[in-house]
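Visitor: Mind looking over this structure? Questions follow.
The values are calculated or read from the model by the stated rules, or taken from the named source; none is laboratory data. This structure is a prediction, so every number in the text was calculated from the model and none was measured. Cβ placement follows ideal geometry from the backbone for every residue including glycine, while neighbour counts extend to all protein chains displayed. We work out accessible area using only protein heavy atoms, side chains counted, and drop any ligands, DNA or RNA first. Shrake-Rupley method; radii C 1.70, N 1.55, O 1.52, S 1.80 Å.
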Amino acid sequence: MNDLSDTAPSDLLPMREIVRLTGVNPVTLRAWERRYGLVSPLRTDGGHRLYTPRDLQTIQDILLWTGRGMPVGKIGELLAQRQRQESAQPDDERLQWREAFSRAAAAFDQSELDRLYGQAYSIFPSATLLEDILLPLWRSLLTLNGYGARSQWGFLDAFLRARVLLRLQMSRALGAGVLLADAAGTTREFELLATGLLLGGDDLRVQVLPGAPLDELPLVGAAMRPAALVLVAHVDLSADAIKRLDRLQMAIECPLALIGEAAERIASASSGVPMVALGSSPALGARRLRLMLSGALEL
């Protein structure tokens, strides 16, 4: 249960405000609390629920994963994993930067976003800026339903897609590159572009293929002859979908790798040609990708 001593009364939100912000109805909120134990709101003396900012973030995370097709019953483990990661990495400074970007998006201030983005890139490594500052804010706005939230998300999304795509296009890496696509059709373009930027670098060129159908990737691979095909997989796949991946692996002439929160589970479930799981984080997966390409990682 949440600790009231760590939360200012002004930060507590009644259920009606959570409903307004997220669009989740009260019946569903109670089910996530009672049946699945995913949220633990505080209670007033009269029994009314009060939600902390962390509760709101948890609800947004649930919406993100269910929107990708993840069953609610499997989300508890993902939430616990994310909370362990957050507790191991205090982020007061990163939180301040997220709030600064959020204010600029709320004001639809393009010049301020430009200024913040340039300054942040000079301070933080790309992995920190994208994974700890920009992606959490982008996901937060994506799952909010309050007045103006969709417009703010669209404004920020367009800005970030343009900036990250530009950095990908500026890559000077030569030779065969890596193709990056979505395994389940649930990953949005900015997430793919950010993953591509973090996987690539001066030594490796990544070509991102938003919206590419899996059954057409052998055709793309035959034309572009990549050194590897990497698929983003944030949610578990059905048995039929995994069989499609097995067929894809046998139809392409390069190694197939998976990256994302479900990568390890999908790779373990595959009964066909082995697939390489690069892990859940693009920044950490970049090292395993290079080991795979150099032949130092067993397939």
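Visitor: Can you find a residue that is within 19 Å of the chain's Cα centre (by Cα) and charged (D, E, K, R) anywhere in region 232-243?
Guide: Yes, region 232-243 has at least one match.
For (1) open to solvent by 50 Å² or more (accessible area, probe 1.4 Å); (2) assigned to a helix (DSSP H, G or I), each residue gets a yes or a no:
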{"residue": "Leu245", "(1), (2)": "no, yes"}
{"residue": "Gln249", "(1), (2)": "no, yes"}
{"residue": "Arg265", "(1), (2)": "yes, yes"}
{"residue": "Leu284", "(1), (2)": "yes, yes"}
{"residue": "Arg288", "(1), (2)": "yes, yes"}
{"residue": "Ala296", "(1), (2)": "yes, no"}
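Visitor: On the basis of being in contact with a strand residue (DSSP E or B) (Cβ under 9 Å, 6 or more places away or on another chain) and under 21 Å from Asp132 (Cβ atoms), does Ala233 make the cut?
Guide: Here the answer is no, as Ala233 does not meet what is asked.
Visitor: Identify, from the list Phe155, Phe190, the residue that is among the aromatic types (Phe, Trp, Tyr), surrounded by fewer than 21 Cβ atoms within 10 Å (Cβ to Cβ) and out of contact with any strand residue (DSSP E or B) (no Cβ under 7 Å at 6 or more places or on another chain).
Guide: Phe155
Visitor: Restricting to region 38-81, give me the number of residues that are part of a helix (DSSP H, G or I) and open to solvent by 50 Å² or more (accessible area, probe 1.4 Å).
Guide: 8
Visitor: Further question: What pairs come out if I take residues in region 222-241 that are within 24 Å of Glu77 (Cα to Cα) and open to solvent by less than 30 Å² (accessible area, probe 1.4 Å) and pair them with residues that are among the aromatic types (Phe, Trp, Tyr) and part of a helix (DSSP H, G or I) whose C-beta lies under 9 Å away, six or more apart or interchain?
Guide: If the second residue must be among the aromatic types (Phe, Trp, Tyr) and part of a helix (DSSP H, G or I), the pairs left are His234/Trp65; Val235/Trp65.
Visitor: While we're on this one: Does Glu131 count as closer than 28 Å to Leu258 by Cβ, touching a His at 6+ places or on another chain (Cβ under 9 Å) and of a type outside the set (Ser, Thr, Tyr)?
Guide: Criteria not met by Glu131.
Visitor: Something else about it: Filter region 251-263 down to the residues that are open to solvent by 10 Å² or more (accessible area, probe 1.4 Å), over 15 Å from Leu289 (Cβ atoms) and in a loop (DSSP other than H, G, I, E, B) and list them by number.
Guide: Passing the criteria: Ile252, Glu253, Glu261.
Visitor: Which of the residues belonging to region 253-277 are over 15 Å from Val232 (Cα atoms) and touching a Pro at 6+ places or on another chain (Cβ under 8 Å)?
Guide: The answer is Cys254, and nothing else.
Visitor: I've got another one for you. Being farther than 22 Å from Leu56 by Cα, touching a strand residue (DSSP E or B) at 6+ places or on another chain (Cβ under 7 Å) and of a type outside the set (D, E, K, R) narrows it down to one of Leu113, Leu168, so name that one.
Guide: Leu168
Visitor: What is the one condition in (1) open to solvent by less than 60 Å² (accessible area, probe 1.4 Å); (2) in contact (Cβ under 8 Å) with a residue 40 or more places away in the chain; (3) not polar (S, T, N, Q) that Asp203 does not satisfy?
Guide: Condition not satisfied by Asp203: (1).
Visitor: Does Leu113 count as crowded, with 17+ Cβ neighbours inside 10 Å, in contact (Cβ under 8 Å) with a residue 24 or more places away in the chain and over 24 Å from Arg161 (Cβ atoms)?
Guide: Working: crowded, with 17+ Cβ neighbours inside 10 Å: yes; in contact (Cβ under 8 Å) with a residue 24 or more places away in the chain: yes; over 24 Å from Arg161 (Cβ atoms): no.
No, not satisfied.
Visitor: Taking region 211-221, which residues are outside any helix (DSSP H, G or I) and surrounded by fewer than 16 Cβ atoms within 10 Å (Cβ to Cβ)?
Guide: If the condition is that a residue be outside any helix (DSSP H, G or I) and surrounded by fewer than 16 Cβ atoms within 10 Å (Cβ to Cβ), then Gly211, Pro213 are the ones that fit.
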